[in-house]
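See structure below.
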Amino acid sequence: LLEKDDFHVVEYQSPQVIVLPVIEQEYVVMAKVRRQILGGSVWELPAGGVLENECPEEAALRELGEETGISITEPSRLLPLDTLVVSPNRLPMFPLIYQIDLSHQEFETRSDHDNEVESVAFFSLDKVREMILSGEIITSITLAILGRFLIGQQLSSSSSIPIP
């Protein structure tokens, strides 16, 4: 935590990774994470910091396993996505974002998640839209990644319709 002229800022000591787990292009896996500062638990994508002597892909798979219980060992399954800039003037973070495509079986055979996580679930793309609009999903980075993914899905499913 650093004190600037008129505000405080958190600067991460290690690169940050975020994983967008997608089941058969129809569902998104999210973890309901306990966030005491927010007064409860919120739906988020698996995320965290890269540990010393760990590459970002290893960190992404580790965070996926810790927060969802889904164990994937092949880094080649991670699809790097374009980064997002988180508050460039106050929190200059450029998280490494990965998508991973999963099967229903990989979700169903997951192991236990860590204690920080209240529950893990998958949601249809329509349900994700509803959760965004109803305020069930509130963290900015999760909203940005999901919004970009949903728009991309919508555009690819209507590729025969010209975009003005």
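Summed over region 111-142, the residues that are surrounded by fewer than 14 Cβ atoms within 10 Å (Cβ to Cβ) and of a type outside the set (S, T, N, Q) give a count of 7.
Of all residues in region 111-143, those satisfying the criterion of being in a helix (DSSP H, G or I), within 20 Å of R34 (Cα to Cα) and of a type in the set (A, V, I, L, M) are V128, M131, I132, I141, L143. Each residue in region 65-110 was checked for being open to solvent by less than 30 Å² (accessible area, probe 1.4 Å) and at pLDDT 95 or above, and 13 of them qualify. Can you tell me how many residues within region 28-62 are among the charged types (D, E, K, R) and either in contact with a Phe, Trp or Tyr (Cβ under 7 Å, 6 or more places away or on another chain) or open to solvent by less than 10 Å² (accessible area, probe 1.4 Å) (or both)? Of the residues in region 28-62, 1 are among the charged types (D, E, K, R) and either in contact with a Phe, Trp or Tyr (Cβ under 7 Å, 6 or more places away or on another chain) or open to solvent by less than 10 Å² (accessible area, probe 1.4 Å) (or both).
The values are calculated or read from the model by the stated rules, or taken from the named source; none is laboratory data. Source: prediction; values computed, not measured. Don't worry about glycine lacking a Cβ; one is built from the backbone with ideal geometry, like all the others, and counts go over all protein chains shown. Just so you know, the surface numbers come from the protein's heavy atoms only, side chains and all, with ligands and any DNA or RNA stripped out. Shrake-Rupley method; radii C 1.70, N 1.55, O 1.52, S 1.80 Å.
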